[in-house]
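Notes to accompany the following structure.
Each reported figure results from applying straightforward, stated rules to the coordinates on display, with no laboratory input. Here the structure is a predicted model, which means the values were calculated and not measured. Positions of Cβ are generated from backbone atoms using ideal geometry, with glycine treated the same way; all protein chains shown enter the neighbour counts.
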Amino acid sequence: LEQFRILKRYQFDRTVFGPTVVTVDGNKMLDDESMGCLRYLCSYCDIFKWSKCSALEPVSPFNYGRLVEQCRGERLIKARPYSHFILHLRYMTYEQFRELFSEATHIQLGFRMIRVPWTRIEFPKLVRLIPIFSGINFHY
């Protein structure tokens, strides 16, 4: 899809048209006007421009530093569909975790928390934490 245009008389009503959450992201081709049309059509949808962190492949714990460099400051941090990306927090410092998620509003990753020395986890700007496995985000 390269363009999306719609007459302004059409707009989805959440009470009539189903899901309470719809996310549109990951399309490099859509221009600003198309994104505006999508936002108008579905005012309750989460609509993002393509980002370098909207379709992440699983990363080895040895490369978490590179992941932090790549995705810090991003609003959307999301695994590629069906990739089962689980972030093993014991291989990450608390500072790396804070830096990675400080600006994130929408996250779709799994988190494994076994033998993690931190006492708190914060996502300061989080709006939506989307599970990667049928409702499960954290493994203890």
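Side notes on the structure shown:
- Whether region 61-139 is rounded, prolate or oblate, judged on the alpha carbon gyration tensor where a/c under 1.5 counts as rounded: rounded
- FRET E, pair Asp32, His84, Förster distance 30 Å, beta-carbon r, rounded to 0.05: 0.35
- Taking each residue as 0.36 nm, the span from Ser102 to Ile114 lengthens on full extension beyond its C-alpha to C-alpha distance by 2.1 nm.
- Computed lengthening from Ile121 to Glu69, 0.36 nm per intervening residue step minus Cα-Cα distance: 16.8 nm
- Modelled label positions at Cys45 and Phe62, each set 7 Å beyond Cα in the direction of Cβ, lie 4.1 nm from each other.
- As a length-normalised measure over Cα pairs under 8 Å and 6 or more apart, the relative contact order of region 61-139 settles at 32 percent.
- When Arg75, Arg80 are sorted by how many other C-beta atoms sit within 10 angstrom of their C-beta, beginning with the fewest, the order is Arg80, Arg75.
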